[in-house]
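The values are calculated or read from the model by the stated rules, or taken from the named source; none is laboratory data. Bear in mind the structure is a predicted one, so any value in this text is a computation, not a measurement. All Cβ positions, glycine included, derive from the backbone under ideal geometry; neighbour counts span all protein chains shown. Calculation scope for accessible area: heavy atoms of the full protein, side chains included, ligands and nucleic acids excluded. Shrake-Rupley method; radii C 1.70, N 1.55, O 1.52, S 1.80 Å.
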Amino acid sequence: MNFKELIEKDRETRKKVNFKGNFLDYLEIIKKDPTLYGLAHERMYNIIMEKGMEVLNPEENIRVRKIYGNETIKSYKFFKDDFFGIDKTLMKLVNYFYSASMKGEESRQVLYLVGPVGSGKSSIVEALKKALESSQDIYALKGCPMHEEPLHLVPKHLRRTFEKELGIKIEGDLCPVCRYKLKNEFKGEYEKFPIEKMDFSIRSRKGIGVVPPVDPNNQDTSVLIGSVDISKMDLYSEDDPRIFSLNGAFNVGNRGLVEFIEVFKNDVEYLHTIITATQEKSIPSPGKGAMIYFDGVIVAHSNEAEWNKFKSDHTNEAILDRIVKIEVPYCLELSEEKKIYEKILKRSNFKAHISPHTLDVAAMFAILTRLTPSNKVDSLTKLKIYNGEEIVEKGTTKKIDIIELREEAGLKEGMSGISTRFIIKAIDNALSDSKSGCINPLSVMESLIKSIKDLDISDDERKRNLVFLQDTVRKEYNKILEKEITKAFIESFKEQAESLFNNYLDHAEAFVNKTKIKDRATGEQLEPDERFMRSIEEQIGISESSSKGFRADVTSYMFYLIRKGTKIDYTSYEPLKEAIEKKLTYSVREMSRIITKSRVRDKEQNEKYNAMVEEMKRNGYCNECCDVILKYAANNLWKD
């Protein structure tokens with residue numbers, strides 16, 4: 001690559017896109033494309049929506065129906081790669097921007113995100129700021145400290161005429177600096193005022209202002225609205241705009257976004273500027289100047305404890321009335337929580353191999369700590385239901401209304417528990433401690449146990465978390481592992497499962513329809529094989545008296561899928577899938593137990609063991625974690 005050519009080409013490209021002109025030139029541009037004019041909320045909404053949106057209807061999406069009932073979910077591609085398991089929160093966020101873009105009441109309200117530590121509040125704001133940085137440049141008055149909209153130059157008495165001609169609604173007034181410049185440098189000839197293009201930048205403080213929490217004993221509103229340059233006060237009067245330094249967060253965030261970090265750690269008096277900035281869209285100028293027009297998205301965020309403390313004080317009602325509160329809870333969907341870990345780990349420099357189910361057990365533990373205990377189901381079952389999984393009990397899918405579970409839990413579910421950040425640190429520790437370049441569910445559980453013991457929490461909470469890890473999660477992992485090992489032990493597991501499925505379906509259909517079944521080898525007409533069907537049904541506790549109903553349910557459901565054009569296989573009906581898998585694994589469990597536990601194997605056993613190891617490696621294990629996992633299985637799954 002010729003770096004000199006690359007740099008020069010980029011420079012030439014930027015020169016071409018840079019705009020140099022005056023207000024008249026800008027008017028012609030706006031007349032051709034009125035969409036270039038827009039207020040901050042509308043701009044942000046368009047940035048989100050231009051990426052696209054997918055409507056997930058419960059009638060068409062089984063997972064959506066299981067998790068959200070009959071509610072339609074909108075999935076925004078803007079958030080798709082970075083945020084998981086908080087679809088309803090993101091829908092509320094986009095609804096806020098839509099309403100504000102239509103100049104509804106939300107356009108004069110603060111967007112406030114509240115939630116537990118590590119739930120994604122700051123990440124959402126960072127995504128909005130980065131989107132602004134990569135968005136289309138906007139036109140601004142050259143030299144304006146607030147990068148304001150050029151149409152502010154249009155006098156009030158002509159605005160209606162300009163609005164009709166341009167097809168837009170002009171809002172806002174000139175800042176004192178530009179007003180002074182127009183009067184003294186251009187003698188009121190606003191058509192000559194120079195216009196420039198401006199990009200948004202966090203580092204350069206262009207269109208994006210950030211307000212960190214300030215010591216209440218040492219607060220200065222200059223952080224918000226700028227200050228008076230004392231060195232110029234000898235040269236100019238107190239109300240002369242030339243003494244103003246408009247470099248506060250509201251000044252630089254005009255036309256873009258102003259972020260308040262841990263907003264309620266600030267003294268309430270310090271926050272009163274928010275009231276005029278939202279309701280009246282104006283902020284005080286430093287010193288004794290007039291109010292200054294402000295157009296920007298104000299986003300604040302904090303933890304729930306600070307919110308509760310702030311709202312409990314009735315003297316804060318004026319600010320509370322100007323807040324649109326959106327809760328950002330922890331993710332409560334197992335598969336989505338796992339995606340968060342995968343995303344974060346991809347951004348790190350760790351290159352270690354991660355064994356199958358490693359992130360699953362970490363996610364399982366995190367979500368168990370976030371769930372509100374239920375009187376209807378145990379915590380693990382609730383976790384599976386929230387993940388859209390079928391719960392099979394005695395041959396039927398257990399009907400548990402997820403909406404009822406959520407109502408029982410209340411609105412605060414997901415607002416407490418172990419944070420994603422805590423889990424990632426435990427995974428990082430396991431990665432750092434790994435000498436083999438591989439981590440597995442056992443090493444991560446060990447790292448989590450150590451981290452929990454070191455965590456500054458109450459004894460009751462520590463005990464509860466350790467029970468989840470050492471009992472609930474470990475037992476569930478043992479079940480998963482046993483099934484996986486026995487599956488690996490069976491050559492062509494899927495083919496055998498499909499063969500069992502097809503045979504069962506043939507016999508069940510003949511039984512239900514009171515017909516005979518044709519032997520594929522001899523062509524002989526035979527009665528449905530009751531013994532064969534019972535050998536599968538018994539695996540999931542179906543009694544002889546209820547077997548008839550089960551067979552009818554299976555055949556009717558399969559015909560329903562066929563009529564819909566859905567391809568059927570052994571996984572199509574959850575109870576039958578579980579029964580087939582149990583039958584296959586049960587048939588080899590004893591042999592797999594013997595071979596896994598054996599220290600000395602004969603030739604045949606050795607061949608079977610090696611074949612099992614190779615199958616596990618095809619399923620994502622490496623030599624190191626396969627060895628560790630199988631030793632663990634031998635000592636823990638099949639105790640004599």
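General remarks:
- Glu327 vs. criteria at pLDDT 95 or above, open to solvent by less than 30 Å² (accessible area, probe 1.4 Å) and charged (D, E, K, R): no
- Just one of the numbered conditions (1) more than 20 Å from Ile283 (Cβ to Cβ); (2) touching a helix residue (DSSP H, G or I) at 6+ places or on another chain (Cβ under 8 Å) is not true of Leu158: (2).
- Tally, over the stretch 264-276, of residues that are closer than 17 Å to His301 by Cα and either at pLDDT 90 or above or not hydrophobic (A, V, I, L, M, F, W, C) (or both): 6
- Scanning the stretch 489-500 turns up at least one residue that is out of contact with any helix residue (DSSP H, G or I) (no Cβ under 6 Å at 6 or more places or on another chain), open to solvent by less than 50 Å² (accessible area, probe 1.4 Å) and touching a residue at least 12 places away in the same chain (Cβ under 8 Å).
- Residue list for the stretch 451-461, filter: part of a helix (DSSP H, G or I) and open to solvent by 40 Å² or more (accessible area, probe 1.4 Å): Lys453, Asp454, Asp459, Asp460, Glu461
- Residue list for the stretch 544-591, restricted to those being within 14 Å of Phe501 (Cβ to Cβ), open to solvent by 60 Å² or more (accessible area, probe 1.4 Å) and over 40 Å from the mean Cα position of the chain (by Cα): none
- Summed over the stretch 22-38, the residues that are touching a helix residue (DSSP H, G or I) at 6+ places or on another chain (Cβ under 8 Å) and within 21 Å of Lys142 (Cβ to Cβ) give a count of 11.
- Criterion violated by Leu448 - all others in (1) in a helix (DSSP H, G or I); (2) of a type outside the set (D, E, K, R); (3) farther than 30 Å from Tyr570 by Cα; (4) without any contact (Cβ under 8 Å) to a residue 60 or more places away in the chain satisfied: (4)
- Qualifying positions in the stretch 390-437 - acidic (Asp, Glu) and either in contact with a Phe, Trp or Tyr (Cβ under 9 Å, 6 or more places away or on another chain) or closer than 23 Å to Arg370 by Cα (or both): Glu390, Asp401, Glu404, Glu407, Glu408, Glu413, Asp428
- Listed by position, the helices (runs of 4 or more DSSP H) contained in the stretch 135-233 that have at least 2 residues being open to solvent by 50 Å² or more (accessible area, probe 1.4 Å), touching a residue at least 60 places away in the same chain (Cβ under 8 Å) and farther than 20 Å from Pro34 by Cβ are 176-184.
- Qualifying residues in the stretch 597-610 (those that are at pLDDT 75 or above and surrounded by fewer than 13 Cβ atoms within 10 Å (Cβ to Cβ)) - the one nearest to Ile439 (Cα to Cα): Asn610
- The set of residues from the stretch 306-318 being of a type in the set (S, T, N, Q), assigned to a helix (DSSP H, G or I) and loosely packed, with under 12 Cβ neighbours inside 10 Å comprises Asn308, Thr315.
- Helices (runs of 4 or more DSSP H) (entirely within the stretch 319-429) containing at least 3 residues that are without any contact (Cβ under 8 Å) to a residue 60 or more places away in the chain, farther than 30 Å from Cys626 by Cα and out of contact with any Asp or Glu (no Cβ under 8 Å at 6 or more places or on another chain): 402-409
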